[in-house]
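Please read the structure below before turning to the comments.
Read the figures in this text as sums done on the coordinates, not as results from a lab. Owing to the predicted nature of the structure, the values given are computational and were not obtained by experimental measurement. Using ideal geometry, Cβ is built from the backbone for each residue, glycine included, and neighbour counts are taken over all protein chains shown.
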Amino acid sequence: MPASPSRRTLALLGLGLVMAAIFAADTLTDYAVAAACFYAAVILAASRILGPRGLVLLAAACVALTGVSFFLTRFGTYRIGLVNSAIGMLVIVITTYLSLKMEAAKAAVQEAQARLLRVARASTVGELTTSIAHEVNQPLAAIASSAEASQRWLAQDPPNVDKARQTLARILADAHRASDVIARIRGLTRGASPERRGFDLNQAVLEMLALSRSELEQHAVIVTTQFDDELPLVLGDRVQVQQVIGNLILNAVDAMAGIPAAARRLTLRSLRVDGGRIALSVRDHGSGLPLEAPERVFDAFWTTKSGGLGLGLSLSRSILEANGGQIRAEPAEGGGAHFVFELPIDDGVAHG
């Protein structure tokens, strides 16, 4: 997290005082005391608040102070002082070089993580495309059918206005339903900053089941929900949490593709757990988890799907942790996989 301007100013002032103390010690002590080496600590501390250019300038200042101190020192053997000053300058240069390399490596890792999250988000949304298209087509087909019926009612002699009004009401309702589906798609694909607010977890699950309905029906998956209707609101980014729910649902569908249709059962259960948290349990009867290390499924690029990226569950864990939650995986009794994630309860305090 970048330091605020005031904290950065105080930090720079503190580093300046430390540099002055090192300069004084290096000047007033014997040549045999290599106090200039302590400038390396200043470089390391400054690497967190200064950019590459600022760090190089600071290192140049430290080298210059070392040289000035050498010429001002009046104690000890000149040759020893020359060697120690050279060593101090070398330590400053090497420390600066390593600090620049470390910061460059951190920036590269952060950029790679950002790209990874974008790829994972695109992958997750891509897996939902078929289901989403089906959900949009349903209200559109209903609108077309109702419009044709309305035309027939109005073409009668005399026109049946009451029936026409009823069909127009259905058209309006289906239009709103299509709009809601499109709004969810936009929410799933947007890259906006997380907005942690209170929301109904049960309702969020139902919405994702609706989006995944065609996929569930196509694979003959029987869905059972066991919701605690007395649950308080949970705190989190609703869109991001729904992305996690959707990923768990689709993973369960894929995991049960190889078993008889009659055994394809998916159970989602919400409940309150200790510590002021709400949990959602997702249990399937599919191929299960690796017995030796079930948590391995959360490792990036680890997957059992042919052509899969192995990013969905890794991203899901990152999303939940960013929202103050956590997720775990364990083999389900009787076969299959059991995923449980928890989120904090909304305490009514405003959150950014």
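How long is the gain from Leu72 to Ala263 if the chain were fully straight, where each residue apart is worth 0.36 nm and the alpha carbon distance is subtracted? Numbers along the way, then the final one.
Working: separation 191, 0.36 × 191 = 68.76 nm, distance 8.60 nm.
Roughly 60.2 nm would be gained on extension.
Taking square-rooted eigenvalues a ≥ b ≥ c of the alpha carbon gyration tensor, is segment 217-272 rounded, prolate or oblate, where a/c under 1.5 means rounded and, failing that, a/b exceeding b/c means prolate? Could you put the intermediate results ahead of the total?
Values: a/c = 3.62, a/b = 1.74, b/c = 2.08.
Judged from the Cα gyration tensor, segment 217-272 comes out oblate (a/c at least 1.5, b/c at or above a/b).
Show me 101-108, 14-21 ranked by packing, highest mean number of other Cβ atoms within 10 Å first.
On the way: 101-108: 11.4, 14-21: 13.8.
So the order, starting with the most tightly packed, is 14-21, 101-108.
So what are the ³J(HN,Hα) numbers for segment 224-238, from phi and the Karplus equation (6.51, -1.76, 1.60; θ = phi - 60°), rounded to whole Hz, Gly and Pro as x?
Working through the residues one at a time gives 10, 10, 10, 9, 8, 6, 9, 5, x, 5, 9, 9, x, 7, 4 Hz.
With a sphere of radius 14 Å drawn around the Cβ of Ser150, what net charge do the other residues whose Cβ falls strictly inside it have (Lys, Arg +1; Asp, Glu -1)? Let's see the in-between values first.
Details: positive: Arg152, Lys163, Arg165, Arg170; negative: Glu148, Asp162, Asp174.
Local net charge: +1.
Please give the contour-minus-distance gain from Ala20 to Gln151: 0.36 nm per residue of separation, less the Cα-Cα distance, rounded to one decimal in nm.
This chain segment gains 38.3 nm when fully extended.
What net charge do the residues around Leu15 carry, taking every other residue with its C-beta under 13 Å from that of Leu15, with Lys and Arg at +1 and Asp and Glu at -1? If you can, show how the numbers build up before the last one.
Numbers: positive: Arg7, Arg8, Arg48; negative: none.
Surrounding charge for Leu15 is +3.
I want the local charge near Met256. Using Cβ-Cβ distances under 12 Å, sum +1 for each Lys or Arg and -1 for each Asp or Glu among the other residues.
Details: positive: Arg264, Arg265, Arg283; negative: Glu215, Asp254, Asp284.
So the environment of Met256 carries a net charge of 0.
How many angstrom separate the Cα center of segment 143-174 from the Cα center of segment 27-83?
87 Å
Given R₀ = 56 Å, FRET efficiency for Leu168-Ile49 by Cβ-Cβ distance, to 0.05?
Numbers: r = 64 Å, r/R0 = 1.14.
So the FRET efficiency works out to roughly 0.30.
How big, on average over all directions, is the shadow cast by the Cα convex hull of segment 9-74, in nm²?
If you wrap the Cα atoms of segment 9-74 in a convex hull and average its projections, you get 4.0 nm².
Roughly what would the spin-label model give for Tyr97 and Gln110, points 7 Å off Cα along C-beta, in nm?
2.5 nm
Please give the per residue volume of the convex hull enclosing the alpha carbon atoms of segment 25-116, rounded to a whole number of Å³.
Numbers: hull volume 6.5 nm³, N = 92.
Convex hull volume per residue, Cα atoms: 71 Å³.
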